[in-house]
1. Let me know the longest stretch in the chain that avoids all trypsin sites (Lys or Arg not before Pro) found in a DSSP loop with at most 15 other C-beta atoms within 10 Å.
2. For segment 1-76, give the percent of accessible area contributed by carbon and sulfur heavy atoms, probe 1.4 Å, rounded to a whole number.
3. Extension gain Asp144-Glu5, at 0.36 nm per residue separation less the Cα-Cα distance, in nm?
4. Per 0.36 nm of contour for each residue apart, how much would the distance between Ala128 and Glu175 grow if the chain were fully extended, relative to their Cα-Cα spacing?
5. Order the following by accessible area, largest value first: Ser173, Ser3. Probe radius 1.4 Å; ligands, DNA and RNA are ignored.
6. Counting heavy atoms of the protein chains only and a 1.4 Å probe, report the per residue accessible area for segment 28-69 as a whole number of Å².
7. Can you list the aspartates and glutamates whose alpha carbon sits under 14 Å from that of Lys21, skipping same-chain ones fewer than 8 residues off?
8. Could you list, in their original order, any pairs among Lys65/Lys178; Lys131/Lys165; Lys65/Lys170; Lys65/Lys166 whose Cα atoms are separated by more than 21 Å?
Amino acid sequence: MMSYEINDLKEMFDGTLPWYKVKEIMSRPKDDDRFDKYIQILQERVSWPERILMPLGEHLYIVQKGGERIVKCDCGHEFGDWRKNWKLESLIYSRDDAKKLGEIYPGIRCPDPKLNEVREYYCPGCAALLKVESVPVGYPIIFDALPDIDAFYREWLGRPLPDEKKFEFKDLSPEVTKGWGRE
């Protein structure tokens, strides 16, 4: 299997690799160490020491911090346990009226605010835009992904994480909203 140099992958990640090379990389089967190289690139670009277990988005990662697995922004802000929807700990801007929706959908392209809202999720630490979702009015906050990290490392990478048995694979987001009810 062909293996690409990490500098090619860095340039691809940065969008500076020539298109013919990107196409070549995309068209071929993934090299066996692609995930490790990708994690290495990401790890080199953050200023904190915690080990990145898995990227979760453009600025978000699931990291190992002591005995915990948490979601962390590349600025260092921590969103908490990866099994809880990080959006519940973010800053949320809801475009829920014609004026706010018209800022991004001008004129006749503007959706009906009685039917649709656009939610923007920002990092409380650095104000980076982390996610945008367009949903029907009143729709619950979407939990985009709850990756089974242990299964990924054990079954796909063939090297289980040392603390595999410690974490129950379960959505813990209801605990967050339940806590809001007690406040």
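1. In the chain, the maximal stretch lacking such sites is 31-113.
2. Carbon with sulfur: 52 percent of the solvent-accessible area.
3. So the extension gain works out to 46.9 nm.
4. Using 0.36 nm per residue and subtracting the Cα-Cα distance, I get 14.4 nm.
5. Greatest to least solvent exposure: Ser3, Ser173.
6. Normalised by residue count, the accessible surface of segment 28-69 is 53 Å².
7. Within the straight-line limit of under 14 Å, Lys21 reaches these aspartates and glutamates: Glu5, Asp8, Glu11.
8. From Lys65/Lys178; Lys131/Lys165; Lys65/Lys170; Lys65/Lys166, over 21 Å: Lys65/Lys178; Lys131/Lys165.
The values are calculated or read from the model by the stated rules, or taken from the named source; none is laboratory data. Just so it is clear, the structure is predicted and the values come from calculations on it, not from any experiment. FYI the Cβ positions are ideal-geometry reconstructions off the backbone, even for glycines, and counts take in every protein chain you see. The protein model used for the area step is the full one, side chains on, heavy atoms only, and it has no ligands, DNA or RNA in it. Shrake-Rupley method; radii C 1.70, N 1.55, O 1.52, S 1.80 Å.
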